[in-house]
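Coordinate-derived values only; no laboratory data. Note that the structure is a prediction, hence the values are computed from the model and not measured. Using ideal geometry, Cβ is built from the backbone for each residue, glycine included, and neighbour counts are taken over all protein chains shown.
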Amino acid sequence: MRERQASQGARRAREFEAFVAGAAGRLLHAATLLTAEPPADNPRARRLLALSFAHTYASWDRLRGEDPYDRARQYLAGRFAHELRHRYGGGPGRTRRPPAGPLSGLAPQERLILVLRLYEGVAEEQAAALLGLPVERVRTVCDRATATLLHPPAAPARPVPAEAKAATP
């Protein structure tokens, strides 16, 4: 009996390791886009990925034909959305550096929906169900985020100091 359990445990570990080897790069990139961190320095994205893999491994035996990548992606997006609702890392004494990634000009919810829809290819209906939002809201946020990326708002003009105004003839 113990040999059989050990054999099943070893098979489970091999299957999960193969899944991680194949999915880690894409999921890490998605997490990095969500957190808007630079790819070379992305501790929050790596934490999200580790939590997602831990959750997927814990439910590995219960997947029964489900796509483990889909499960990991759902957890990743859900965890990010949960952290948004709880103002991730905003406790006393904790400072958060401003985002510097390619999607840093977007709000966190816009990044989440854009990554799900355009990077991961999740249908509007699935993204809406995953996030608990109406389909129209997902469509609107995705359209607005795409427009912001394609046509970034112009930087506000710097005010001219009073001394410079007085010095001009």
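Expressed in nm to one decimal, what extension gain is obtained for the pair residue 143 and residue 51 from 0.36 nm per residue of sequence separation less their Cα-Cα distance? Intermediate results must be reported in sequence, preceding the final value.
Numbers: separation 92, 0.36 × 92 = 33.12 nm, distance 2.97 nm.
Full-extension gain reported as 30.2 nm.
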(Q) Modelling each spin label as a point 7 Å along the Cα-to-Cβ direction, I'd like the residue 69/residue 85 distance in nm, to one decimal. (A) 2.8 nm
Q.
Per-residue counts of other Cβ atoms within 10 Å, averaged by peptide: what ranking do you get for 101-112, 55-66, highest first?
A. 101-112, 55-66
